[in-house]
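Let me begin by presenting the structure, written as structure tokens, before commenting on it.
The values are calculated or read from the model by the stated rules, or taken from the named source; none is laboratory data. None of these values were measured; they are calculated from a predicted model. Here the Cβ positions follow ideal geometry from the backbone for every residue, glycine too, while neighbour counts run over all protein chains shown. Ligands, DNA and RNA are stripped out before the accessible areas are found, and what is left, the full protein with its side chains, is counted by its heavy atoms. Shrake-Rupley method; radii C 1.70, N 1.55, O 1.52, S 1.80 Å.
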Amino acid sequence: MASTPELILEQFRDGLIKRNPGEPEFHQSVLEFAEFVIPYINANPKYLEPKILERMTEPDRTIIFRVVWEDDKREVHVNRGYRVQFNNSIGPYKGGLRFHHSVNLSILKFLGFEQTFKNSLTTLPMGSGKGGADFNTKGKSDREVMRFCKSFMIELSKHIGPNIDIPAGDIGVGAREISFMFGQYKRLKNEFTGALTGKSMEFGGSLIRKEATGYGCAYFMEHMMNHNGDSIKDKVCIVSGSGNVAQYAVEKIIQLGGRVVTMSDSSGFVHDPDGFNEEKLAYIIDLKSVRRGRIKEYADKYKCKYFEDKKPWGIKCDLAFPCATENEIDEAAARKMVKNGLQALAEGANMPTTREAISVFLEARIPFAPGKAANAGGVAISGLEMSQNSIRLSWSRDELEKRLKDIMANIHKQCVAYGAEKEGNYINYVKGANIGGFVKVADAMLAYGVI
Ligand code: NDP
């Protein structure tokens, strides 16, 4: 048999785009991965002939469905629901649900793909998936959100289960939405099982789940800084977003001694040079998660500057934590940040940095933690919520925080193992996370034969 030719990035890219037309976010995430994994595959031909990369970039299945619901005025609305079950080689499908007007197949395929390697890096037995709907919770009453969630779950419930696929939250899906959906799932199935994570404590949730992504991201940054003999302490930090991930990244950065000077939402950002403290953060959490207001109100209350329709990347800082959404940092922003003396960046959001911007950071040899490593803490605690549901016990906060710390330390170790440059102390965390996440999933797929 003729030997399989080596993979060439450009040829692979052309095939990917042809097979998945009109899906730019999916192309972006796969190509960021392929750039580092293709040389590794070519050097390890056992992955080449069975076409592991081609198989890994095709989801196991994609489910698309209609979601119909009535608003408070009895007007009927039609939305589109999705679940992309990406890869279950190392465990049941696992990944969040996003409710946002921008949701489409490209975004969910990119998120599901990223999830594959993130979940692998946690070392927990979790496959990957992602889902959601082009439904915006903003401006909707609780009743409207409830009716949407219940309608959405009528179809989704046919495809998920504690050993099949376990969704969680993401943008637009927090404790309120998970509760509505879990209540409906339980009712439709007539069983109480951990088919969703991110549940409230009264019905099978886990302590520190809501904090885990943000805390984990700050821990990861601390590991990167420690690797270079430094720490977060006394560093000026800029954070984007003011949702779940941003709130708890800020909390942990403050606890580790950093000074956070920005937060944002989709309308603009606030710059508070004195830094957020516990009281100010409590105000943000109430504003964004309870009152569902706009970040501008923070600037009015604490008499600091508000920048409408702007992102915080021009503010001088030592450390950056993009925690809002994809493609927030482009090449021009990255160049500005490097010029301003940025020392390191950890992605709390998924793919907040464009490929061109990542190249700028890597060329400047700035430690850059991609989301699949730095924001894996959330899904890790979701995995532990599944474990607690299975044994019908709840672990203590201390126990879970210790496990979260250990998992983030272990992810850092895997990134160092696969991303350390031959000379010097620089770690290419993008390379490390991609290859580290790839190996376990690829080996499982090899073991299963040609499926
Ligand atoms: P939330 O919905 O709680 O918060 C999202 C935040 O991002 C809000 O401040 C929101 O502003 C802002 N935002 C949303 N869209 C845009 C946009 N287009 N431009 C600027 N700002 C925007 O979501 P999460 O905090 O849960 O998620 C944030 C990111 O982290 C996402 O990329 C998500 O995939 C990722 N992530 C989340 C995990 C989790 O455990 N929740 C786990 C791992 C990754 P506004 O209030 O105006 O909408």
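Quick notes
- Charge dipole (debye, nearest 20) of segment 290-352; +1 at Cβ of Lys and Arg, -1 at Cβ of Asp and Glu: 420
- Using a Förster distance of 60 Å, the FRET efficiency for Glu421-Ile391 (Cβ separation, nearest 0.05): 0.90
- Within the accessible area of the chain, the carbon and sulfur atoms contribute 51%, probe 1.4 Å, all protein chains present.
- Pairwise label distance in nanometres, Asn277 with Asp398, each label 7 Å out on the Cα-Cβ vector: 2.9
- Where labels lie 7 Å past Cα in the beta-carbon direction, separation of Ile451 and Phe203 in nm: 3.4
- Per residue, segment 171-221 exposes 36 Å² of solvent-accessible protein surface, assessed with a 1.4 angstrom probe and all protein chains in place.
- For segment 328-399, applying the loop criterion from DSSP together with a ceiling of 11 other beta carbons within 10 Å to the trypsin sites (Lys or Arg not before Pro) yields Arg392.
- Ordering of 428-437, 303-312, 232-241 by packing [mean C-beta count within 10 Å, highest first]: 428-437, 232-241, 303-312
- Cα centroid of segment 62-121 to Cα centroid of segment 172-223, whole Å: 16
- Over the chain, the ratio between the Cα radius of gyration and 2.2 N^0.38 Å evaluates to 0.94.
- Distance between the C-alpha centres of segment 125-145 and segment 310-352: 27 Å, rounded to the whole angstrom.
- For segment 141-216, the list of trypsin sites (Lys or Arg not before Pro) that fall in a loop by DSSP and count at most 14 other C-beta atoms within 10 angstrom reads Lys158.
- Taking amide H atoms as placed 1.01 Å from N in the peptide plane, the amide H of Glu328 lies under 5 Å from those of Thr353, each 5 or more residues away in sequence or on another chain.
- When only the Cβ of Lys, Arg, Asp and Glu is charged (+1, +1, -1, -1), the dipole of segment 210-369 relative to its Cα centre reaches about 260 debye.
- When you filter the trypsin sites (Lys or Arg not before Pro) in segment 40-124 for DSSP loop state and at most 10 other Cβ atoms inside 10 Å of their Cβ, you are left with Lys73, Arg74.
- Cα centroid separation, segment 246-303 to segment 395-422: 27 Å.
- Charges were assigned to the Cβ only: +1 to each Lys and Arg, -1 to each Asp and Glu. The resulting dipole of the chain about its Cα centre is roughly 860 debye.
- What the phi angles of segment 243-259 give under the Karplus curve with 6.51, -1.76 and 1.60, with θ = phi - 60°, is a coupling list of x, 4, 5, 4, 4, 8, 5, 4, 4, 6, 4, 4, 4, 8, x, x, 10 Hz, glycine and proline written as x.
- Each helix, a run of at least 4 DSSP H residues, gives -39500 (n - 2.57); summed and divided by the residues of the chain, these come to -14500 deg cm²/dmol at 222 nm.
- The modelled label-to-label distance for the pair Glu356/Arg80, using points 7 Å beyond Cα in the direction of Cβ, is 2.8 nm.
- Listed pairs Lys46/Lys94; Lys73/Lys150; Lys252/Lys305; Lys46/Lys431 exceeding 22 Å between Cα atoms: Lys46/Lys94; Lys252/Lys305
- Distant-in-sequence amide H partners of Ala344 (H built 1.01 Å from N, under 5 Å): Ala320
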